[in-house]
Amino acid sequence: MQYRLSDMIAWLRDISERYTGSEEEDLLLFIKEGAEKFPKAKREDIAEAFAAYQLEVQQEREEDERQAAELEAMIAFNNKHSIPPDMPWNEAVRMVAERGDPEAQGILRDLESPEATVADELLNAAVDAHPAWSRDGRYFTFDPEIGGPEDGPSLIDWYQRTHPHEAAAITDRIVSST
């Protein structure tokens, strides 16, 4: 019997709380338990699944670090310019950019780029289309009991796959207006 790598990785995610943190010990645990769970799998297949899982974990960690750094930069920006805590980010950046601040002007260019505008519009459309997502004022809320994509990029990917014509129309409208 052939096992799919994705099945092995999903199982690995399920048992990951038992890992010690030592890569060597974790691999041995996974190979031992993997051989029981997937008896016809080759040892190399189990090791490949473990390596793929480790890569996913590393990518998630790097993304978390990137987001934390971005949030820290936003907080520092807000503190530096005494931005009211309830002011939306785009408005705060625009206000500071209008005062001539070069950092804010650069951020505003990025925020108002066609790529960022497309991403914002796709995210809004995806939130409106997915049953697990709703909006509360300017904030989006995810209902884990319904399930589905749990973050913005995954939600946009879902929307582009399940609503390709609408997603293309949004992209075309924004790109053609620039």
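The values are calculated or read from the model by the stated rules, or taken from the named source; none is laboratory data. Quick caveat: nothing in here was measured; it's all calculated off a predicted structure. In this analysis, Cβ positions are derived from the backbone assuming ideal geometry, glycine residues included, and neighbour counts consider all displayed protein chains.
Here are a few things to note about the model shown:
- Members of region 90-120 found to be part of a helix (DSSP H, G or I) and either basic (Lys, Arg) or within 21 Å of Arg173 (Cβ to Cβ) (or both), listed by number: Asn90, Arg94, Arg109, Asp110, Leu111, Pro114, Glu115, Ala116, Thr117, Val118, Ala119, Asp120
- Flag for Arg13 being of a type in the set (Lys, Arg), in contact (Cβ under 8 Å) with a residue 40 or more places away in the chain and not assigned by TED's automatic domain parsing to the domain that holds Pro153: yes
- Residue satisfying all of: in region 1-35; among the acidic types (Asp, Glu) and modelled with pLDDT of 80 or more; surrounded by the fewest Cβ atoms within 10 Å (Cβ to Cβ) among these: Asp14
- The set of residues from region 143-154 being over 15 Å from Glu63 (Cβ atoms) and surrounded by 14 or more Cβ atoms within 10 Å (Cβ to Cβ) comprises just one member, Gly148.
- Here the condition is being more than 23 Å from Phe140 (Cα to Cα) and within 22 Å of the chain's Cα centre (by Cα); of Gln59, Gln67, it holds for Gln59 alone.
- Residue match in region 41-48 (condition: closer than 30 Å to Tyr3 by Cα, among the aliphatic types (A, V, I, L, M) and assigned to a loop (DSSP other than H, G, I, E, B)): yes
- Residue among Phe38, Phe140, Phe77 that alone is farther than 30 Å from Ala167 by Cα, among the aromatic types (Phe, Trp, Tyr) and either within 24 Å of the chain's Cα centre (by Cα) or surrounded by fewer than 17 Cβ atoms within 10 Å (Cβ to Cβ) (or both): Phe77
- Filtered residue count, region 121-178, keeping only those that are among the polar types (S, T, N, Q) and part of a loop (DSSP other than H, G, I, E, B): 2
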